[in-house]
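**Student:** Supplied in structure tokens, the structure appears directly below.
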Amino acid sequence: MTTTTGRLRCQRIGCDEFFSPDNNLENSCTYHSGPPLFHDGGKEWSCCKQRSHDFSDFLSLPGCTKGKHSSEKPVVKAAPSPNARLPQPINTGNSALDAAKAACIRCRQGFFCSDHGAQQPTAGVAKPVPATTVQTAASESSGIVKKAVPSKVFDINAKQVCKRKGCGNTFTEKDNHQEACNYHPGPAVFHDRLRGWKCCDVHVKEFDEFLEIPPCAKGWHDANPQDAA
């Protein structure tokens, strides 16, 4: 990709900066040199072992290798995880259903399956009590009253990075509006060597093609989408 000023966008995964071919210095680019790993619901870079369960956070993990910028798109394929362990389908007590789950790829991987239902926790296993609930109960019993958390103060001219999936652009609240952001509202889907987005039902085989799938929704830029959830 070339801009009107003749600068090129670096195609190395994890960089995405603009550079000039005449001033492309060694160590000016920070990128991921290895392919991504997808297993057990997590995402990991094979080159530096950085991992995340959230896909937008995974794409934001800083690169681990330095070198020159490159305008050539790397050929990157998702590598199989050498230590990936597939969860076993839960025993439901129905021999026919258990046999069907054992033969189903999605059930063996622990994903929701429309044919056999979602994996449910086994009976008798108590749900963990959130730490916030325990802390709140302890504070109330001891008579401690916590101070209200002050509301955040934003600088409308401060530059922020949109964390919506598929966006990643820099914006200011002053220029933000309801059609400023192009993003994917749905989760990423990785299944049977295909990668895609549930929201727009587009799936491809190659990881670099997955990164090029155009967003399907418009909205406000959001630097903290988890806060708005």
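The values are calculated or read from the model by the stated rules, or taken from the named source; none is laboratory data. All of these numbers come straight from a predicted model, not from anything done at the bench. Note that we place each Cβ from the backbone using ideal geometry, even for glycine, and neighbour counts take in every protein chain shown.
**Student:** Restricting to the stretch 194-212, give me the number of residues that are under 21 Å from Arg12 (Cα atoms) and part of a loop (DSSP other than H, G, I, E, B).
**Tutor:** 3
**Student:** A follow-up question, please. Go through the stretch 1-54 and report how many residues are among the basic types (Lys, Arg) and farther than 15 Å from Pro74 by Cβ.
**Tutor:** Looking only at that region, the number is 4.
**Student:** Enumerate the helices (runs of 4 or more DSSP H) found wholly within the stretch 1-116, keeping only those where 1 or more residues are more than 21 Å from the chain's Cα centre (by Cα) and at pLDDT below 65.
**Tutor:** Once the helices (runs of 4 or more DSSP H) in the stretch 1-116 are filtered for at least 1 residues that are more than 21 Å from the chain's Cα centre (by Cα) and at pLDDT below 65, what remains is 105-108.
For (1) modelled with pLDDT under 85; (2) in a loop (DSSP other than H, G, I, E, B); (3) farther than 27 Å from Asp40 by Cβ; (4) out of contact with any strand residue (DSSP E or B) (no Cβ under 8 Å at 6 or more places or on another chain), each residue gets a yes or a no:
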{"residue": "Lys165", "(1), (2), (3), (4)": "no, yes, no, no"}
{"residue": "Asn176", "(1), (2), (3), (4)": "no, yes, yes, yes"}
{"residue": "Pro214", "(1), (2), (3), (4)": "no, yes, yes, no"}
{"residue": "Lys218", "(1), (2), (3), (4)": "no, no, yes, no"}
{"residue": "His221", "(1), (2), (3), (4)": "no, yes, yes, no"}
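**Student:** Still on this structure, please answer the following. Exactly one of these conditions fails for Gly168: (1) touching a residue at least 12 places away in the same chain (Cβ under 8 Å); (2) out of contact with any Leu (no Cβ under 8 Å at 6 or more places or on another chain). Give me its number.
**Tutor:** It is condition (2) that Gly168 fails.
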